[in-house]
Amino acid sequence: MEEIFGRNGLIASAHPEYEYRPGQIQMAEAVLRAFDEKRHLIVEAGTGTGKTLAYLVPAIAAAVSRGGRVVISTGTKNLQEQLMEKDIPFLQRVLPRKFTAAYMKGRSNYACLNRIKRAENAPVLDGLDELDYFDEVRRWARESEVGDRAELIELPENLSFWRHIDARTETCLGQKCPDYDPCFITRMRQRAMDADIVIVNHHLFFADLALRDSNYGQVLPDYSAVVFDEAHLIEDIASEYFGAQVSNYQLDDLVRDLTMLPITNVEVNRDLTKASGRVMRFAENLWMGFRESRGEEGRFPILPGTFAVKKRDGEVEATPLGEAYLGLDGALERMETLLDAMTEQPPEVENIVRRIRQIRFDLQFIVAGDDRHFVYWLERRGRGLFLRASPIDVSGLLQDKLFERVETVVLTSATLASAGSFSFIRERLGLVEADDLIAPSSFDYENQAILYLPKRMPDPRSPQWARAAADEVIKILNATRGRAFVLSTSFAGMNALYEMVSQKIDFPCFVQGSASKAGLLEKFRATKNAVLFATASFWQGVDVRGEQLSCVIIDKLPFAVPTDPVVAARQRYIEEQEGSSFYEYSVPQAIISLKQGLGRLIRSTTDKGVLAVLDPRLRTKAYGRLFLESLPPCRVTSEVEEIARVFEANEEMVG
């Protein structure tokens with residue numbers, strides 16, 4: 001590792017901006033040892049450690065020397081692209097041993113050649129204005145080598161017809177498809193089969209892990225080791241894929257695909273049209289029942305008694321929603337029977353029957369709601385309604401399906417430890433047997449950053465909070481002359497601060513939701529002294545270097561919303577095991593989230609800045625000490641005037 005990462009090593013001689021980082025070497029040696037000894041490893045590598053190269057080099061060495069494929073899984077698309085477009089090509093030039101790498105995305109990112117052909121004669125467009133878009137997609141699909149929709153940079157991000165032509169698993173005909181050989185998924189898999197290193201994201205990884213023992217089969221090629229970067233996201237993503245889900249989109253797509261079947265028998269067509277009408281009618285009854293109960297977007301528990309109630313005589317009676325479910329299940333069963341009875345079945349029929357059975361199975365599981373290991377909930381998002389069942393605790397599943405089956409699993413992130421301990425991540429993910437390391441950052445936080453904690457602030461739950469928080473934000477922004485992220489734990493808090501602050505400062509202000517995330521970041525980087533008001537989605541995967549971002553203000557400690565059905569179920573489960581959900585779940589989870597938010601600030605050895613946390617509980621509550629112990633070791637002040645001293649060397653600031 002010293003020969004590669006040392007002051008006179010391979011990387012130093014090839015990279016003009018290379019910085020010697022002892023933490024990077026420590027991490028690389030630990031990862032290499034994990035591969036050699038076939039052990040698992042947890043590494044917290046803060047910003048500035050150079051963690052991507054620290055795990056890539058040992059992963060490449062292990063894959064090439066042993067011939068075992070290594071999967072690198074990331075939490076964000078940005079990191080995936082950085083690895084594939086920057087880090088991997090650099091190492092392919094520098095390292096003496098040659099290696100190959102492939103990039104796999106979720107199947108819905110790729111076009112399906114067969115579905116595009118079928119869509120040419122089917123009503124998949126929302127309006128005439130999409131006709132040109134469809135023609136462009138069709139031409140592109142004939143010429144593209146990869147078929148990834150990211151290549152369509154000139155087209156709108158949300159093409160309404162894309163879901164009718166993408167290559168998602170449930171619509172795939174597999175080897176029966178006439179376009180199997182030229183298929184973009186076939187080609188993607190072949191590239192991955194030939195590669196030493198395969199780059200994926202967490203969603204694709206866990207979708208594959210959940211499918212490996214099912215009828216759908218695996219998506220990823222076999223691997224001997226996996227590295228999870230941004231591993232703090234794993235629990236939530238894994239629980240999504242080991243559960244059940246039924247949405248209005250699924251049923252709409254099912255009926256749409258049914259109408260596109262190449263069936264010439266008039267009588268069969270008539271019966272299927274009737275069956276489709278019944279499915280849509282009963283489905284609409286079900287979704288309307290959920291729309292009427294509460295109109296707002298968000299996540300809500302599906303409470304006992306939603307679908308059936310027990311009467312005094314012990315009989316179980318269906319509620320109106322239960323009746324709607326029974327009607328929908330009966331209509332789906334009728335559709336399944338009709339398709340099964342067809343004598344000359346097109347290859348698509350087997351696929352649709354399998355989808356019907358899966359929807360019926362998942363819906364029955366959610367409606368029954370009787371498995372105590374799952375939490376049952378509803379999500380409203382835009383025009384989408386999703387009924388879900390999620391495992392409350394994924395530790396056993398991950399232990400069984402991942403950690404006991406794969407030789408080496410490396411988990412890394414800038415934020416995995418809480419108060420210097422990895423016990424939270426170990427317990428949540430079921431990773432009992434693993435080495436661990438906190439790799440030291442190369443940043444000098446004591447000289448590069450200052451932590452500002454206001455002297456007096458009201459309780460964050462009090463009516464006086466919003467006004468006091470806005471006053472503090474105004475004082476801080478005037479001291480730093482803008483150049484700040486103001487990060488809130490809720491949209492309501494973000495909007496309140498934006499309304500109260502933006503009118504009283506002389507700096508350009510942007511707010512999340514007014515443009516795309518990428519567009520807002522671009523505006524922020526290009527606008528002098530800008531201030532961006534945002535929520536959780538800007539707490540991670542965002543990189544703004546230099547003095548343009550000199551201050552990060554966080555309004556409240558980012559405790560998970562206790563009314564969220566999944567969070568509430570996890571807390572209840574811990575209490576039932578006679579644990580403390582607050583100290584075992586809420587506090588460590590909030591510490592990791594806070595570290596993510598504050599990690600936006602110092603991104604290089606020359607950055608200087610202010611971290612400001614307005615929540616008084618850091619000082620007034622006993623658990624505040626755990627938060628402070630987890631933050632970088634920087635100077636702490638309650639004097640706004642002292643903030644300016646951080647920028648004394650900055651000519652613009654003095655001016």
Residue list for the range 158-217, filter: more than 30 Å from Ser516 (Cα to Cα) and small (Gly, Ala, Ser): Gly174, Ala192, Ala195, Ala210, Ser214, Gly217
Candidates Ser537, Ser514, filtered to the one that is in a helix (DSSP H, G or I), exposed (fewer than 14 other Cβ atoms within 10 Å of the Cβ), of a type in the set (S, T, N, Q) and modelled with pLDDT under 90: Ser537
Residue list for the range 450-484, filter: within 31 Å of the chain's Cα centre (by Cα), closer than 13 Å to Val552 by Cα and either not aliphatic (A, V, I, L, M) or not assigned by TED's automatic domain parsing to the domain that holds Val511 (or both): Tyr452, Gly482, Arg483
Tabulated pairs, the range 225-244, first at positive phi, second in a helix (DSSP H, G or I) and hydrophobic (A, V, I, L, M, F, W, C), C-beta under 8 angstrom, 6+ apart or interchain: Glu230/Leu79
Pair list, Cβ under 7 Å, 6 or more apart: the range 370-394 residue without any contact (Cβ under 8 Å) to a residue 40 or more places away in the chain, other residue part of a strand (DSSP E or B): His373/Pro391
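Conditions (1) farther than 23 Å from Val561 by Cα; (2) in contact with a strand residue (DSSP E or B) (Cβ under 6 Å, 6 or more places away or on another chain), marked per residue:
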{"residue": "Arg467", "(1), (2)": "no, no"}
{"residue": "Ser488", "(1), (2)": "no, no"}
{"residue": "Glu499", "(1), (2)": "yes, no"}
{"residue": "Pro508", "(1), (2)": "yes, no"}
{"residue": "Gln512", "(1), (2)": "no, yes"}
{"residue": "Glu522", "(1), (2)": "yes, no"}
{"residue": "Thr527", "(1), (2)": "yes, no"}
{"residue": "Ser537", "(1), (2)": "no, no"}
{"residue": "Leu549", "(1), (2)": "yes, no"}
Answer from Lys86, Lys38 - the residue that is surrounded by fewer than 16 Cβ atoms within 10 Å (Cβ to Cβ) and in contact (Cβ under 8 Å) with a residue 24 or more places away in the chain: Lys38
Every pair of residues 6+ apart whose Cβ atoms lie under 9 Å, when the first sits in the range 113-142 and is among the small types (Gly, Ala, Ser) while the second is modelled with pLDDT under 70: Ala119/Leu125
Selection within the range 236-258 - surrounded by 14 or more Cβ atoms within 10 Å (Cβ to Cβ), out of contact with any helix residue (DSSP H, G or I) (no Cβ under 6 Å at 6 or more places or on another chain) and of a type in the set (Ser, Thr, Tyr): Ser239, Ser247
In the range 586-611, residue modelled with the highest pLDDT [restricted to those that are among the small types (Gly, Ala, Ser) and touching a strand residue (DSSP E or B) at 6+ places or on another chain (Cβ under 8 Å)]: Gly609
The range 55-110, residues that are closer than 23 Å to Gln596 by Cα and hydroxyl-bearing (Ser, Thr, Tyr): Tyr55, Ser73, Thr74, Thr76
The listed residue being more than 24 Å from Ala449 (Cα to Cα) and either in a helix (DSSP H, G or I) or touching a residue at least 24 places away in the same chain (Cβ under 8 Å) (or both), out of Val43, Val31: Val31
Single unsatisfied condition, Arg545 versus (1) in contact (Cβ under 8 Å) with a residue 60 or more places away in the chain; (2) crowded, with 17+ Cβ neighbours inside 10 Å: (2)
Looking only at the range 548-560, and only at residues there that are in contact with a Lys or Arg (Cβ under 9 Å, 6 or more places away or on another chain), among the hydrophobic types (A, V, I, L, M, F, W, C) and in contact (Cβ under 8 Å) with a residue 60 or more places away in the chain, the one that is surrounded by the most Cβ atoms within 10 Å (Cβ to Cβ): Cys551
Gln218 over 23 Å from Ser395 (Cα atoms) and not in a strand (DSSP E or B): no
Residue match in the range 278-299 (condition: in the same structural domain as Arg383 (by TED's automatic domain parsing), crowded, with 17+ Cβ neighbours inside 10 Å, out of contact with any Lys or Arg (no Cβ under 9 Å at 6 or more places or on another chain) and among the aliphatic types (A, V, I, L, M)): yes
Pairs, first not assigned by TED's automatic domain parsing to the domain that holds Ala479 in the range 496-509, second in a helix (DSSP H, G or I) and acidic (Asp, Glu), C-beta under 6 Å, six or more apart: none
The range 520-537, residues that are more than 25 Å from Met457 (Cα to Cα) and touching a helix residue (DSSP H, G or I) at 6+ places or on another chain (Cβ under 8 Å): Ala530, Ser537
Of all residues making up the range 64-112, the number that are in a loop (DSSP other than H, G, I, E, B) and of a type in the set (D, E, K, R): 4
Scan of the range 572-598 for residues that are basic (Lys, Arg) and farther than 17 Å from Pro562 by Cβ, ordered by number: Lys595
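This table checks each residue for (1) closer than 23 Å to Val219 by Cβ; (2) modelled with pLDDT of 90 or more.
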| position | (1), (2) |
| --- | --- |
| Lys86 | no, yes |
| Leu91 | no, yes |
| Ser108 | yes, no |
| Leu125 | no, no |
| Trp140 | no, yes |
| Ser144 | yes, yes |
| Trp162 | yes, no |
| Ile165 | yes, no |
Residue match in the range 186-206 (condition: of a type in the set (Lys, Arg), in contact with a strand residue (DSSP E or B) (Cβ under 8 Å, 6 or more places away or on another chain), assigned to a helix (DSSP H, G or I) and surrounded by fewer than 20 Cβ atoms within 10 Å (Cβ to Cβ)): yes
Inter-residue pairs, beta-carbon under 6 Å, first assigned by TED's automatic domain parsing to the domain that holds Leu631 and more than 20 Å from Lys475 (Cβ to Cβ) and in the range 600-620, second charged (D, E, K, R) and modelled with pLDDT of 80 or more, 6+ apart: none
Some residue of the range 593-612 being under 25 Å from Val375 (Cα atoms), buried (at least 19 other Cβ atoms within 10 Å of the Cβ) and β-branched (Val, Ile, Thr): no
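The values are calculated or read from the model by the stated rules, or taken from the named source; none is laboratory data. Everything numeric here is computed off the predicted structure, so don't read it as measured data. Don't worry about glycine lacking a Cβ; one is built from the backbone with ideal geometry, like all the others, and counts go over all protein chains shown.
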